[in-house]
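A single structure is presented below for examination.
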Amino acid sequence: MTATHPTHGTPRARHGTAAAGLMIFAAIMLMIAGILAIMRGISAIAEDQVFVSTPNYVFSFDLTGWGWIHLALGVVAVLVSVGLFQASTWARVLGVGIAGLVLIANFLSLPAYPVWSVVMIALTGFIIWALCTAKKGDI
């Protein structure tokens, strides 16, 4: 007779828990990325001195313009992350979309704030991966 341990679930149960963890990870990280984008947008709108001026870059935008773009993306990211906590399908789809837009915005603003842009690109890549990996109904 084989004894079973209550702490060890079936492989399917453990997979469901891991996928739910990915969704929670994505929701938390999208909220953090959104809050950071809001802060970055506010500091760019206020024309803070933390940004580098690069006049000869292909994608040259006004710093205030970048600030408004990051502010808007951050607000939408925070709202979508609230939907992710409620396990909404629309939030997963919009989460992938908004994370992709945040990734693109950070790529285009590389010259203004290079190190932080690379960190945010990596973070949003993980968010997209987590949202695309988890299965429906895992939370």
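Throughout, read-outs are computed from the coordinates displayed, never taken from laboratory work. Quick caveat, the model's predicted, so the values are computed rather than measured.
Subtracting the Cα-Cα distance from 0.36 nm times the residue separation, let me have the gained length for Trp129 to Leu101 in nm, one decimal. Show your work: numbers first, answer last.
Working: separation 28, 0.36 × 28 = 10.08 nm, distance 1.45 nm.
Length gained between Trp129 and Leu101: 8.6 nm.
If you stretched the chain out fully between Ile32 and Glu47, how much longer would it get, using 0.36 nm times the residue separation minus the C-alpha to C-alpha distance?
Values: separation 15, 0.36 × 15 = 5.40 nm, distance 2.24 nm.
Taking Ile32 through Glu47 to full extension adds about 3.2 nm, to one decimal.
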